[in-house]
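Some notes on the structure that comes next.
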Amino acid sequence: MKIFFLTLVIFIIVYLFLNWFVKTSSKKISNGIRSITIILSIILAIIMIYAGRFLFSLPFVLMILPLIKTKAGLSLFQIFRIWSLLRILKNSGRFNFNNINQNLNTNNISVEEAYKILNLDPKKKYTKDEILNSYKKIMKKIHPDVSPELTRLASIVNESKDVILKNLN
């Protein structure tokens, strides 16, 4: 008897879900699926972090990033590229997250660092247009008009462009 009622309840739930699914527009369904995926991924990432499994929370965070629409329109690849740029600058001591207003750029950027910052290979020869194109791609994402907090980072990218262009001549 319990199996009969359980089957009846499951049948009614499935019927109501399918009825709602048929009457709802595809845009609402896709937004609902996106929202549910983001919420579940955040919950699972928090559970993994709370359990001390930071490495296991990474796939859930990576799954969330493409689903979130950012104002600047950054893709997952662009976010990793900016993160790589920040890591290069932090390792070289040119960018400190704690002291954004402090001027850490007391010495000039080396040519190798400038090439890394602009995502160029130091062993290749580039034309002025290729260097400026690489510079423009980066500046579109970190320009101070996009976010005022990126002013320091934009000045470092400007300086690296100037170093490469001086070295080019």
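Readers should treat all values here as calculations from the given coordinates under stated rules, not as data from a laboratory. Being a predicted model, the structure only gives us computed values, none of them experimental. FYI the Cβ positions are ideal-geometry reconstructions off the backbone, even for glycines, and counts take in every protein chain you see.
Within the set Lys90/Lys128; Lys124/Lys161; Lys28/Lys140; Lys27/Lys140; Lys28/Lys141; Lys28/Lys137, which residue pairs have Cα atoms separated by over 24 Å?
As for pairs spanning more than 24 Å Cα to Cα, those are Lys90/Lys128; Lys28/Lys140; Lys27/Lys140; Lys28/Lys141; Lys28/Lys137.
Past the 14 angstrom mark, what percentage of all C-alpha to C-alpha distances in the stretch 114-169 do you count?
The calculated P(r) of the stretch 114-169 puts 50 percent of pairs beyond 14 Å.
Counting other beta carbons within 10 Å of each Cβ, put Ser147, Ser30 in order, fewest first. Each step should come with its number before you reach the end.
On the way: Ser147 14, Ser30 10.
Result, fewest neighbours first: Ser30, Ser147.
Trypsin sites (Lys or Arg not before Pro), restricted to the stretch 120-169: which are DSSP loop and have at most 14 other Cβ atoms within 10 Å?
Lys123, Lys124, Lys125
Using the number of other C-beta atoms within 10 angstrom as an exposure proxy, rank Glu130, Glu113, Glu159, Glu149 with the fewest first. Before the final figure, lay out the partial values.
Details: Glu130 13, Glu113 20, Glu159 17, Glu149 10.
So the ranking, lowest neighbour count to highest, is Glu149, Glu130, Glu159, Glu113.
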